[in-house]
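Engineer: Just passing along the structure, written as structure tokens.
Every number here is computed from the coordinates shown, using simple stated rules; none is lab data. Quick caveat: nothing in here was measured; it's all calculated off a predicted structure. FYI the Cβ positions are ideal-geometry reconstructions off the backbone, even for glycines, and counts take in every protein chain you see.
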Amino acid sequence: MRIRRPRRPRHFQPADSAQQIVGGFLLAGPFVVTEEVWQLAASMNLYQAFATVLTVGAIGYGALYKADTERDPDDEQEFVGVPLRFLSLMVVAFGSVTILALLFDAPDTFLDAVETRRELALVTFKAVSVGSMFSVVGAATADSIF
């Protein structure tokens, strides 16, 4: 009988964030520059946007900890009770879409009928929530594969 060493958790490293960033930006790009996404966001209400944000979180958590059976959220480093890997994933998912939207000036390009800055910011938030749905998949996949 061979005695095995107990499995030690793989600590979250900066390289893990780098992998998430590559995957998140890769899948965020096409949705940031698609006019249909911005039209969809303009027609969404605030409840739908928040439901989308919650769905992004659920997809991210499921991809990190339910689809990958070797990863346990209880073994991971935490910040205020939330695994750092998951926090990083959420920052990457929403951050990559936000950065690309602002870098490409997508809100001003696709929302020319919007009259107030407040309305522009609100529709941008909703568009970021939609784009993040896809970005989180890329970020979580890259983190899990690499």
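Engineer: Using the Karplus curve 6.51 cos²θ - 1.76 cosθ + 1.60 with θ = phi - 60°, what ³J(HN,Hα) values do you get for each residue of the stretch 43-55, in whole Hz, with x for Gly and Pro?
Structural biologist: 8, 6, 8, 5, 4, 5, 5, 5, 5, 5, 4, 5, 5
Engineer: In degrees between 0 and 90, to the nearest 10, how far off the longest principal axis of the chain does helix 14-32 point, with axes built from Cα atoms?
Structural biologist: Value to nearest ten degrees: 30.
Engineer: List the trypsin sites (Lys or Arg not before Pro) within the stretch 1-105 that DSSP assigns to loop and that have no more than 12 neighbouring Cβ atoms inside 10 Å.
Structural biologist: Arg2, Arg4, Arg7, Arg10
Engineer: Please name whichever of Phe31, Ser132, Ile59 sits farthest to the positive end of the charge dipole of the chain, dipole taken about the Cα centre and charges placed at Cβ: Lys and Arg +1, Asp and Glu -1.
Structural biologist: With unit charges placed on the Cβ atoms, the residue in question is Ile59.
Engineer: Using only Cα atoms, tell me the angle between helix 84-103 and the longest principal axis of the chain; keep it within 0 to 90° and round to the nearest 10.
Structural biologist: So the inclination is approximately 30 degrees.
Engineer: Select from the stretch 46-146 those GluC sites (Glu not before Pro) which occupy a DSSP coil region and have at most 15 other Cβ atoms within 10 Å, ordered by residue number.
Structural biologist: Glu70, Glu115
Engineer: Here's another thing I want to ask about it. Could you pull the Rg and Dmax for the stretch 14-145, using just the Cα atoms, both in Å?
Structural biologist: Over the stretch 14-145's Cα set, Rg and Dmax evaluate to 15.2, 50 Å.
Engineer: Exposure proxy check: Val97, Val130, Val80 ranked by fewest other beta carbons within 10 Å?
Structural biologist: Val80, Val130, Val97
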